[in-house]
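Worksheet for the structure shown next.
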Amino acid sequence: MAKLEFSSQTTPSTADFQAILHETMAVSNPVDDLLMLTEKLRMYEQRHNISSPAFFAAYEQGDLPESMVHEVAWAATYDMFVRLKRRLEATLMRAALLPAHNLEYA
């Protein structure tokens, strides 16, 4: 997953930022991003001995044990995983149903 970092001394102009963002998105691979998120989730699951879906459900309901209350990064990672997985699934479904000239990543 691409990560752009800037400091107060390296903040690009709006036009430069748009060019950098466009270039980064052009070389980004959503399947690689999904695999990277999957690996991060696996590490959280092993550390806490709970699946990500079970953790996220408890997180959303406020039912986490005290030791896991501050696992905001895990919740954000799982949310990104679910969103990206849905986008990829939708893109693949469109690819299966539409002629090749109409395809574009969502």
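Derivation of every value follows stated rules applied to the coordinates shown; laboratory data play no part. It should be emphasised that the depicted structure is a prediction, and the values quoted were computed from it without experimental measurement. Cβ: placed from backbone, ideal geometry, glycine included. Neighbour counts: every protein chain shown.
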### Query
Got a sec? How would F55, F17 order by Cβ neighbour count within 10 Å, fewest to most?
F17, F55
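How big is the charge dipole of the chain about its Cα centre, in debye rounded to the nearest 20, if each Lys and Arg gets +1 on its Cβ and each Asp and Glu gets -1 on its Cβ?
Around 260 debye, computed over the chain.
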### Message
Just want the answer: with Cβ charges of +1 for Lys and Arg and -1 for Asp and Glu, which residue in N29, F55, M68 is farthest toward the dipole's positive end in the stretch 29-102?
### Response
N29
### Value of relative contact order over the chain, rounded to a whole percent, pairs C-alpha under 8 Å and six or more apart
25 percent
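Is it possible to state the helix-based mean residue ellipticity at 222 nm for the chain, with each DSSP H run of 4+ residues giving -39500 (n - 2.57), the sum divided by total residues, to the nearest 500 deg cm²/dmol? What is it?
Numbers: 4 runs with 69 residues, N = 106.
The helix contribution divided over the chain gives -22000 deg cm²/dmol.
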### Query
Between M36 and I20, what is the spin-label point distance in nm, taking each point 7 Å from the Cα along the Cα→C-beta axis?
1.6 nm
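Would you mind calculating the gained length between A96 and R83 on full extension (0.36 nm times residue separation, minus the Cα-Cα distance), in nm to one decimal?
Separation in residues times 0.36 nm, less the Cα-Cα distance, equals 2.7 nm.
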### Message
Please compute the volume of the convex hull spanned by the alpha-carbon atoms of the chain and report it per residue in Å³.
### Response
154 Å³
